[in-house]
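Below: the structure, in structure tokens.
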């Protein structure tokens, strides 16, 4: 069981380290280039089109989902997936990336670069048969970067502590406080620690 847990822990650490490096690269890139990823899905009669976007710019990433419902929408897109890159413009908040019909009617909750916009609905045409429904979440890129750094940081701190303990044990010192135990190998007179197996 311990071996299985160790394998899972090491695997999670490796994946987290890879994601950490990727997020750092995306974070740095976002100050020079803005990236937009768009996934579209529509019904055959185009009565409902769903667009899921991710916008990365100036140290932030925004996930926005919008549904265009009704008979008044016409779509000439052939591809479901698109990627756009352009010069850095602004931090990706809802008002800067949302459809113009939604920019003045939404509620926003956010601070420190975070923003959440719950589901909002607008009727851009005179008929209420056509509508736009959207929601948005913005995260500063330092947030996932710090999350992905937790496993590697814990791993490297464990490795450092093990080497530190092994070095003290090789020198005949207490693994806790570093006191020389050559004269008292059974118990540390400084902190009271009993070495493993009764001796170092």
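The figures follow:
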item	result
Qualifying strands (runs of 3 or more DSSP E) (wholly inside the stretch 1-111; at least 2 residues being at pLDDT 90 or above, out of contact with any strand residue (DSSP E or B) (no Cβ under 8 Å at 6 or more places or on another chain) and closer than 30 Å to residue 157 by Cβ)	none
Of all residues making up the stretch 116-131, the number that are in contact with a helix residue (DSSP H, G or I) (Cβ under 6 Å, 6 or more places away or on another chain) and modelled with pLDDT of 80 or more	2
Failed item in (1) in contact with a strand residue (DSSP E or B) (Cβ under 8 Å, 6 or more places away or on another chain); (2) touching a residue at least 40 places away in the same chain (Cβ under 8 Å); (3) under 28 Å from residue 48 (Cα atoms), with residue 122 passing the rest	(2)
Tally, over the stretch 27-56, of residues that are farther than 19 Å from residue 81 by Cα and in contact with a helix residue (DSSP H, G or I) (Cβ under 9 Å, 6 or more places away or on another chain)	1
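Condition check ((1) without any contact (Cβ under 8 Å) to a residue 60 or more places away in the chain; (2) part of a strand (DSSP E or B); (3) over 30 Å from residue 67 (Cβ atoms); (4) in contact with a strand residue (DSSP E or B) (Cβ under 7 Å, 6 or more places away or on another chain)) across all residues:
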site: 136; (1), (2), (3), (4): no, yes, no, yes
site: 146; (1), (2), (3), (4): yes, no, yes, no
site: 155; (1), (2), (3), (4): no, no, yes, no
site: 160; (1), (2), (3), (4): yes, no, yes, no
site: 176; (1), (2), (3), (4): yes, no, yes, no
site: 190; (1), (2), (3), (4): yes, no, yes, no
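The values are calculated or read from the model by the stated rules, or taken from the named source; none is laboratory data. In this text the structure is predicted, and so the values were computed from the model without any measurement. Cβ: placed from backbone, ideal geometry, glycine included. Neighbour counts: every protein chain shown.
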